[in-house]
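Right, one structure below, let's go through it.
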Amino acid sequence: MPSPLTILFIAIAAVFCQNGLNYAFSLRGRRKDPLQALFALLCLLGAGYALATLAGYRAVDVPGYLYATKWQTTFSRLILMVLPWFVGVYSDFRPKRFLAALSAAFFLLGVANLV
């Protein structure tokens with residue numbers, strides 16, 4: 001019998017994945033909403049973060065836990081890479097250099113974590 005925390009992580013990942021895929025598949029046609037695309041990407045990254053958290057919680061050995069933690073921090077940094085653009089598009093606040101620098105910094109942190 002799985003624990004309630006395992007069921008919670010699976011449910012969170014499923015909801016995020018389902019929302020992300022729904023938003024991603026609805027991007028057809030000529031008019032593609034950038035806000036919708038960014039929200040789909042955030043949802044899919046959130047699903048990956050929840051699954052990495054579940055893998056860390058379920059890991060029985062130290063290398064498995066460290067590997068799951070590595071993916072968890074990578075997903076969190078990728079979420080932080082996309083989040084400034086989501087806020088910028090949603091709020092119509094676009095200091096492009098600042099957003100690009102912030103996203104690039106989190107992208108480099110995420111890539112450095114994978115190496």
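Run the numbers for V87 and A112: contour at 0.36 nm per residue of separation, minus the present Cα-Cα distance, in nm.
6.5 nm
Compute the FRET efficiency between L27 and A104 as 1/(1 + (r/R0)^6), taking r as their Cβ-Cβ distance and R0 = 30 Å, and round to the nearest 0.05. Walk me through the numbers on the way to the answer.
Values: r = 25 Å, r/R0 = 0.82.
Here the calculated transfer efficiency is 0.75.
Please work out the ratio of the alpha-carbon Rg of the chain to 2.2 N^0.38 Å and round it to two decimals.
1.20
Please pull out the direction-averaged projected area of the range 3-49, using the convex hull of its alpha-carbon atoms, in nm² to one decimal place.
Across all orientations, the range 3-49 yields a mean hull projection of 2.9 nm².
Every number in this text was worked out from the coordinates using simple rules, so none of it is lab data. A quick note: this is a predicted structure, and the numbers were derived from the prediction, not measured. Positions of Cβ are backbone-derived with ideal geometry, glycine not excepted, and every protein chain shown enters the neighbour counts.
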